[in-house]
Amino acid sequence: MADFDLSFLAKPPVLLPIARHKRSLQYAVEKYPVVIVVGHTGSGKTTQLPQYLHEAGWCAEGKMIAVTQPRRVAATTIAGRVAAEMRCQLGQEVGYSIRFEDMTSDKTKIKFLTDGMLLKEALSDPLLSKYSVIMVDEAHERALNSDLLLALLRKIQKKRLDLKMIVSSATIEAQAIANFFQGGQDDQPSQCKIVVLDGRSYPVDIQYLDQPAEDYVAIAVETAIKIHKDEGSGDILVFFTGRDEIQRGLEVLTDYAQKILPSDQALQPLPLYAGLSQAEQMYVFSPAAEHTRKVILSTNLAEASVTIDGIVYVIDSGYVKLRTYDPTTNIETLRRTPVSKASAVQRAGRAGRTRAGKCYRLYPEAAYQDLLMTTPPEICRTNLAPTILQLKALGIDNLASTQYLTPPPAKLLARGLEVLYSLDALDDYAKLTTLGSRMAELALPPMLGRALLASVTDDFNCLPEMLTVCAMTSQQSQEGNNLFFSHEGERAWEASRRKFATEEGDHLTYLNAYNAFVKENQSQRWCQSNHLSFKALSRAVSIRAQLERNVQRLGIATRVDPRTPNATTDRILRCITTGYFANAARMNPVDGTFRSLISSQRSTVTMHAHPSSLMFNRKADYVIFSELLESGNKIYIKDISKVEKSWLTQYGSKYYQVKEGK
DNA sequence: GAGCACTGC
């Protein structure tokens with residue numbers, strides 16, 4: 001007993017509600033190919049069920065149990081908990097596997113991993129033959145990768161009758177998932193069993209506004225103050241849509257908190273969003289000082305990704321920022337959108353985890369009735385080019401006939417196919433080309449993958465440089481989106497950015513910054529004094545190493561010509577253009593805005609250089625860019641480099657014929 | 001003059 005500190009466990013496993021269902025769950029998995037488990041957070045399904053299956057003998061004969069999660073943190077922390085409960089060292093019988101980190105061994109029986117990771121494993125082991133049971137957790141969130149995994153597993157199960165599947169879902173999606181696996185074969189013996197676990201949550205009293213809120217940030221702040229004055233103890237969680245709203249609310253509440261008399265209970269406002277550093281996020285989880293109430297202002301992060309103890313009051317703005325891809329214009333938008341009923345319920349539930357709570361919805365009850373039942377699944381609002389490539393590489397060729405939980409809109413599929421065709425990843429019959437199958441191995445967006453593969457050819461011969469450009473372009477910093485940033489104001493970072501800036505634009509500037517970082521032995525202090533994100537650069541180092549391994553495995557890497565060890569900027573830019581020719585624009589010299597070169601967009605869309613780009617206040621003629629996004633009624637392009645017009649038609653001949661040659 | 005949340009042997 002003394003060997004392991006189990007004090008952090010909320011409850012001894014035998015007392016969890018799921019313990020009563022142990023036998024019936026073991027029986028259901030024995031009898032049915034698919035078991036759908038419905039249970040709230042705190043039911044213990046994710047930690048206990050794999051152990052029940054282990055006990056029931058599902059790890060015999062060298063087979064493993066896989067448990068997938070949509071997020072990496074969940075995979076690692078849950079694995080740690082289960083290892084502690086089973087009293088083994090993490091990485092032995094219980095392990096996890098996420099990108100850049102494999103904590104498994106040949107002893108591993110229960111493996112936690114991300115959905116994306118299991119999809120990648122299927123590339124080399126198409127029937128996932130290592131596993132006897134695969135549990136897909138949090139399927140109701142309808143994340144892209146879990147939807148794809150369900151579609152793949154449904155196919156695999158037809159060939160592997162011994163494979164057992166467990167899908168964990170909230171009530172709202174359970175029946176849809178059951179129908180999906182039943183596949184309309186109602187006359188067949190039942191394939192699917194739904195097991196409902198009683199949750200351990202407390203009632204939440206829900207209150208609405210009489211009128212729609214004009215400024216919900218102001219009302220949320222008022223409500224929080226009112227709770228603090230009138231209601232009993234317990235922390236407050238406020239749902240806003242982004243950093244701006246959070247900072248605005250924080251200011252007012254901080255002002256108020258400073259005026260509270262020392263004799264009264266103190267109030268501690270805290271922000272929570274992904275853009276904050278790890279250290280800044282930790283404040284939210286540490287208990288408040290004595291005689292102090294925490295009020296946490298959060299984005300959607302606190303809805304599913306993160307659980308905070310001690311919340312008794314929830315204030316819900318009723319909105320979320322949702323990313324949506326428009327296949328006609330090729331633009332990604334980030335738009336403030338009303339939440340779904342499922343989200344509103346989930347948010348309210350955050351108040352009832354430790355005792356009965358209250359939820360204040362900052363909209364009228366009639367508005368709640370008008371909300372969509374669920375948020376549209378990601379597969380219906382995302383750029384499908386990477387997905388199609390991935391599925392084709394997995395041998396799922398006829399995408400129209402493949403059954404999805406929700407089929408993606410035809411326009412999204414058509415657009416994705418068109419992009420892949422223009423990149424030579426697909427042939428005239430929409431079959432994967434050799435190039436395409438190599439692109440699928442790379443863990444890069446198709447356009448970047450195409451450019452990276454071009455770098456090994458004699459024409460460009462710039463693999464080392466392109467590995468860096470691709471790693472830098474594909475990495476997304478957790479501290480916000482910028483490689484360059486500073487707390488000392490814009491002038492400070494603008495000055496240091498100039499040190500690395502190149503005439504040609506963002507991509508080669510990234511290359512310079514990366515090379516300098518490596519030359520300085522990846523020093524964190526050096527990053528600080530140069531206003532560079534250490535996190536972003538470190539992540540790029542990991543990605544670059546992985547990309548290099550992937551390219552080596554493909555066996556196509558060329559030797560660097562010793563006479564010209566460093567590629568010319570001309571060659572690198574041309575190489576980038578082989579992937580990004582479709583994302584081309586021309587600057588209007590009068591006002592510095594950009595117009596798309598695609599005929600369908602040319603007359604309608606005015607684009608602006610994103611303020612994070614070097615091209616924000618520089619002159620150019622023709623450019624290519626990595627990202628096109630709409631935000632606040634303006635269309636921005638990001639990661640911009642200058643190119644020659646002739647390169648576009650040279651490397652994108654197929655594309656410009658298709659689009660313009662009618 | 002700006003960044004919802006995630007993710008890849």
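The values are calculated or read from the model by the stated rules, or taken from the named source; none is laboratory data. Computed from a predicted structure; not experimentally measured. Cβ atoms come from the backbone with ideal geometry, glycine included; neighbour counts cover every protein chain shown. All accessible areas refer to the heavy atoms of the entire protein, side chains included, with ligands and DNA or RNA removed. Shrake-Rupley method; radii C 1.70, N 1.55, O 1.52, S 1.80 Å.
List of remarks:
- Top-ranked residue in the stretch A:273-306 [being more than 13 Å from DNA strand B (Cβ to nearest atom) and under 24 Å from A:Asp205 (Cα atoms); ranked as surrounded by the most Cβ atoms within 10 Å (Cβ to Cβ)]: A:Val295
- Test result for A:Arg586, away from DNA strand B (no atom under 13 Å from the Cβ) and either over 23 Å from A:Glu465 (Cβ atoms) or open to solvent by 20 Å² or more (accessible area, probe 1.4 Å) (or both): yes
- Counted residues, the stretch A:615-648 - those being within 10 Å of DNA strand B (Cβ to nearest atom) and touching an Asp or Glu at 6+ places or on another chain (Cβ under 9 Å): 4
- Pairing each residue of the stretch A:100-127 that is on the phi > 0 side of the Ramachandran plot with any residue that is within 12 Å of DNA strand B (Cβ to nearest atom) and open to solvent by less than 60 Å² (accessible area, probe 1.4 Å), provided the two are 6+ apart or on different chains, yields C-beta distances under 6 Å for A:Phe100/A:Ser542.
- Across the stretch A:444-459, the number of residues qualifying as of a type outside the set (Val, Ile, Thr), open to solvent by less than 40 Å² (accessible area, probe 1.4 Å) and outside any helix (DSSP H, G or I) comes to 2.
- Taking the listed residues A:Ala66, A:Ala28, A:Ala19, the one that is at pLDDT below 95 and either surrounded by 16 or more Cβ atoms within 10 Å (Cβ to Cβ) or not in a loop (DSSP other than H, G, I, E, B) (or both) is A:Ala19, with no other qualifying.
- Failed condition for A:Asp424, given (1) over 17 Å from A:Gly449 (Cα atoms); (2) in contact (Cβ under 8 Å) with a residue 60 or more places away in the chain; (3) in a loop (DSSP other than H, G, I, E, B): (1)
- Residues located in the stretch A:117-129, provided they are under 15 Å from A:Gln69 (Cβ atoms) and open to solvent by less than 20 Å² (accessible area, probe 1.4 Å): A:Leu118, A:Leu119
- Subset of the stretch A:79-99 [open to solvent by 30 Å² or more (accessible area, probe 1.4 Å) and either away from DNA strand B (no atom under 14 Å from the Cβ) or without any contact (Cβ under 8 Å) to a residue 60 or more places away in the chain (or both)]: A:Arg81, A:Glu85, A:Met86, A:Arg87, A:Gln89, A:Leu90, A:Gln92, A:Glu93
- Residue check for A:Leu435: more than 30 Å from A:Asp316 (Cα to Cα), within 16 Å of DNA strand B (Cβ to nearest atom), over 23 Å from the mean Cα position of the chain (by Cα) and assigned to a helix (DSSP H, G or I): yes
- Filtering the stretch A:367-379 to residues that are farther than 30 Å from A:Asn145 by Cβ and open to solvent by 70 Å² or more (accessible area, probe 1.4 Å) leaves A:Gln369, A:Asp370.
- Restricting A:Asp309, A:Asp255, A:Asp316 to residues that are touching a residue at least 40 places away in the same chain (Cβ under 8 Å), more than 10 Å from DNA strand B (Cβ to nearest atom) and open to solvent by 80 Å² or more (accessible area, probe 1.4 Å) narrows the list to A:Asp309.
- Looking only at the stretch A:481-500, residues that are more than 10 Å from DNA strand B (Cβ to nearest atom) and either over 16 Å from A:Asn512 (Cβ atoms) or polar (S, T, N, Q) (or both) come to 4 in all.
- Scan of the stretch A:319-338 for residues that are open to solvent by less than 50 Å² (accessible area, probe 1.4 Å), within 15 Å of DNA strand B (Cβ to nearest atom) and either part of a loop (DSSP other than H, G, I, E, B) or among the aromatic types (Phe, Trp, Tyr) (or both), ordered by number: A:Tyr325
- Any hit, the stretch A:492-503, residues being surrounded by fewer than 17 Cβ atoms within 10 Å (Cβ to Cβ), of a type in the set (Gly, Ala, Ser) and closer than 26 Å to A:Cys462 by Cα: no
- Residue count for the stretch A:397-418, restricted to those that are open to solvent by less than 40 Å² (accessible area, probe 1.4 Å), out of contact with any Asp or Glu (no Cβ under 8 Å at 6 or more places or on another chain) and either within 14 Å of DNA strand B (Cβ to nearest atom) or not in a helix (DSSP H, G or I) (or both): 4
- Checking each residue in the stretch A:145-161 for being under 23 Å from the mean Cα position of the chain (by Cα), over 17 Å from A:Ala178 (Cβ atoms) and away from DNA strand B (no atom under 16 Å from the Cβ) picks out no residue at all.
- Conditions (1) in a helix (DSSP H, G or I); (2) more than 25 Å from A:Gly275 (Cα to Cα); (3) open to solvent by 20 Å² or more (accessible area, probe 1.4 Å); number of the one not met by A:Ile556: (1)
- Failed item in (1) more than 13 Å from DNA strand B (Cβ to nearest atom); (2) among the hydrophobic types (A, V, I, L, M, F, W, C); (3) not assigned by TED's automatic domain parsing to the domain that holds A:Arg347, with A:Leu389 passing the rest: (1)
- For A:Asp106: the one exception among (1) more than 8 Å from DNA strand B (Cβ to nearest atom); (2) open to solvent by 30 Å² or more (accessible area, probe 1.4 Å); (3) part of a helix (DSSP H, G or I): (3)
- Residue within the stretch A:347-365 that is closer than 30 Å to A:Pro445 by Cβ, open to solvent by 60 Å² or more (accessible area, probe 1.4 Å) and not assigned by TED's automatic domain parsing to the domain that holds A:Leu119 present: no
- Only one of the numbered conditions (1) in contact (Cβ under 8 Å) with a residue 40 or more places away in the chain; (2) under 25 Å from A:Phe625 (Cβ atoms) is violated by A:Arg350, and that is (2).
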